[in-house]
Structures are given as structure tokens and as C-alpha cells.
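Shown next, in C-alpha cells, is the structure this report addresses.
The values are calculated or read from the model by the stated rules, or taken from the named source; none is laboratory data. Since the model is a prediction, treat every value here as computed from it, not as a measurement. Cβ placement follows ideal geometry from the backbone for every residue including glycine, while neighbour counts extend to all protein chains displayed.
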Amino acid sequence: MPDFVKVAKTSELEPGQARLVEVKGKPIALFNVDGSFFALDNACTHDEGPLVEGEITGHEVICPLHGAKFDIRTGEVLGPPAYEPVTRYALRVTGTDIEVEV
């Protein structure tokens, strides 16, 4: 059964930044887009590039290896060479705690 796990404080992640967190052995990319927080699997579905190291433009993250684009809010593919979405994790903010469901 999935649980929400505290991964960070809201003050630790500025807008436009990403941070790698590990939850129950899973590497998850945590993003702050204009004060809203999102969590995606860190591995690009094309060649497992680290999305946390990708360029963030608005609601898009660009994989640093081959340029695949994903919507940070949904995990959907926005541009090749990836064709499969990345997993998006449920996230909630409780007070100043960011919690991810895994």
C-alpha cells in the first residue's frame, strides 16, 4: 500500500530548481515550478538520462543526454527521442513538508 514519505522542506527548493530524492530505493526528481511542487521518476524513458540534471523551461524538463522533453506536471512526453511518459508520483505539501507517495 502506498505511503506519503517526507522528502524535503519547501524552503529547500527554489522555483525553477530540481532536486534528487530517494524514496524507498527509488530515485525521484523533485521539481519546483513557480511555487508548485512535482515529482517524476528521475530516469528518462529513452535512455535513462537523469531528469534532475535537465534544463527546466516553464513546465518542461529537457533530458540532458539526448534532449527528450517531458511535462513536469504530468510526466507526458513533449518531444522525442522519448515516446513513453515518465512516472509521475502523487505529492502533497503539509505545512512546510513536501511528501511523495510511493
Counted residues in the stretch 35-69 being under 19 Å from Val21 (Cα atoms), over 10 Å from the mean Cα position of the chain (by Cα) and either of a type in the set (Phe, Trp, Tyr) or part of a loop (DSSP other than H, G, I, E, B) (or both) come to 8
What is the one condition in (1) of a type in the set (Val, Ile, Thr); (2) more than 21 Å from Ala68 (Cα to Cα); (3) in contact with a Leu (Cβ under 7 Å, 6 or more places away or on another chain) that Val23 does not satisfy? (3)
In the stretch 38-76, residue farthest from Gly25 (Cα to Cα) [restricted to those that are small (Gly, Ala, Ser) and in contact with a His (Cβ under 8 Å, 6 or more places away or on another chain)]: Ala68
Arg73 fails exactly one of (1) in contact (Cβ under 8 Å) with a residue 24 or more places away in the chain; (2) touching a Gly at 6+ places or on another chain (Cβ under 7 Å), namely (2)
Would you confirm whether any residue within the stretch 72-94 is at pLDDT 95 or above, in contact with a Leu (Cβ under 9 Å, 6 or more places away or on another chain), part of a helix (DSSP H, G or I) and not hydroxyl-bearing (Ser, Thr, Tyr)? no
For Gly16: the one exception among (1) in a loop (DSSP other than H, G, I, E, B); (2) surrounded by 16 or more Cβ atoms within 10 Å (Cβ to Cβ): (2)
Restricting the stretch 39-50 to residues that are touching a Leu at 6+ places or on another chain (Cβ under 6 Å) and without any contact (Cβ under 8 Å) to a residue 40 or more places away in the chain, which is farthest from Arg73 (Cα to Cα)? Asp47
Would you pick out the residues in the stretch 1-34 that are under 18 Å from Glu55 (Cα atoms) and touching a residue at least 60 places away in the same chain (Cβ under 8 Å)? Leu13, Val21, Ile28, Leu30
When you look at Pro2, is it modelled with pLDDT under 95, surrounded by fewer than 19 Cβ atoms within 10 Å (Cβ to Cβ) and touching a strand residue (DSSP E or B) at 6+ places or on another chain (Cβ under 8 Å), yes or no? yes
